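Asks: Here it is, the structure in full.
The values are calculated or read from the model by the stated rules, or taken from the named source; none is laboratory data. Worth saying up front: this structure is predicted, and the values here are computed from it rather than measured. Note that each Cβ is placed from the backbone with ideal geometry, even for glycine, and that neighbours are counted across all protein chains shown.
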């Protein structure tokens with residue numbers, strides 16, 4: 001994969017959005033990628049789904065019980081949320097979940113830069129039960145219809161997110177308003193998920209600097 005070509009495609013996408021190209025010194029992606037397997041993607045999607053549900057008021061003990069039954073491993077920050085109920089930025093998790101769902105071919109729509117995640121996203125991913133008389137949607141059920149998208153497609157999305165993230169931060173620092181682009185927190189959460197998909201970083205240790 002030619003990462004220079006990947007960057008040129010990202011610049012083309014930015015022009016469509018009305019954004020300036022990033023400076024030449026903005027690094028290309030690291031060539032030493034370690035793409036995630038589809039099983040890991042669906043497991044991480046289950047964690048984000050449960051954490052997002054808790055952030056929006058779902059009972060913490062119910063989420064913890066469901067995650068335990070699904071054998072889902074949480075990041076330390078997620079485990080702390082379930083233990084304490086202290087919500088920070090977890091309400092942005094659906095945007096990262098959108099990227100994971102796309103990468104596992106659970107949704108066909110590729111994340112765009114002028115629209116939020118679909119309102120019915122929860123129907124396509126693992127989720128804890130919404131009522132006491134149902135089991136929710138388990139990891140194994142979702143894995144049966146999941147398949148990993150080509151690495152090249154995920155890398156391209158990551159690089160474009162990286163460049164748009166830079167443009168959004170740069171505009172904020174310089175008092176400029178960007179056309180048609182989603183808020184910074186949406187871009188950041190999507191980039192976090194894409195970084196995790198491409199590189200072997202722990203979820204809480206992903207570097208989102210620009």
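Asks: Regarding the stretch 15-35, can at least one residue be identified that is outside any helix (DSSP H, G or I), closer than 18 Å to residue 123 by Cα and free of Cβ contacts under 8 Å to residues at least 40 places away in the same chain?
Replies: Taking the stretch 15-35 first, the residues outside any helix (DSSP H, G or I) are 17-35.
This time we only want the ones that are closer than 18 Å to residue 123 by Cα, so: none.
The answer is no, given that none of the residues of the stretch 15-35 is outside any helix (DSSP H, G or I), closer than 18 Å to residue 123 by Cα and free of Cβ contacts under 8 Å to residues at least 40 places away in the same chain.
Asks: Would you check if there is a residue in the stretch 133-148 being modelled with pLDDT under 95, out of contact with any helix residue (DSSP H, G or I) (no Cβ under 8 Å at 6 or more places or on another chain), in a loop (DSSP other than H, G, I, E, B) and within 30 Å of residue 31 (Cα to Cα)?
Replies: Looking through the stretch 133-148, none of the residues is modelled with pLDDT under 95, out of contact with any helix residue (DSSP H, G or I) (no Cβ under 8 Å at 6 or more places or on another chain), in a loop (DSSP other than H, G, I, E, B) and within 30 Å of residue 31 (Cα to Cα).
Asks: If residue 79 passes every condition in (1) buried (at least 19 other Cβ atoms within 10 Å of the Cβ); (2) more than 28 Å from residue 145 (Cβ to Cβ) but one, which one does it miss?
Replies: Tallying (1) buried (at least 19 other Cβ atoms within 10 Å of the Cβ); (2) more than 28 Å from residue 145 (Cβ to Cβ), residue 79 fails exactly one: (1).
Asks: I'd like the full set of residues that are touching a helix residue (DSSP H, G or I) at 6+ places or on another chain (Cβ under 8 Å), under 21 Å from residue 79 (Cβ atoms) and surrounded by fewer than 19 Cβ atoms within 10 Å (Cβ to Cβ), limited to the stretch 157-206.
Replies: Result: 201, 204, 206.
Asks: Continuing with this model, one more query. Can you tell me which residue among 72, 54 is in a loop (DSSP other than H, G, I, E, B) and within 19 Å of residue 124 (Cα to Cα)? Give the derivation first.
Replies: Numbers: 54 fails: in a loop (DSSP other than H, G, I, E, B).
Selected residue: 72, the only one of 72, 54 that is in a loop (DSSP other than H, G, I, E, B) and within 19 Å of residue 124 (Cα to Cα).
Asks: I would also like to ask the following. Going through 104, 50 one at a time, which residue ends up being in contact with a helix residue (DSSP H, G or I) (Cβ under 8 Å, 6 or more places away or on another chain) and under 28 Å from residue 156 (Cβ atoms)? Write out each step before concluding.
Replies: Details: 50 fails: under 28 Å from residue 156 (Cβ atoms).
Unique residue meeting the criteria: 104.
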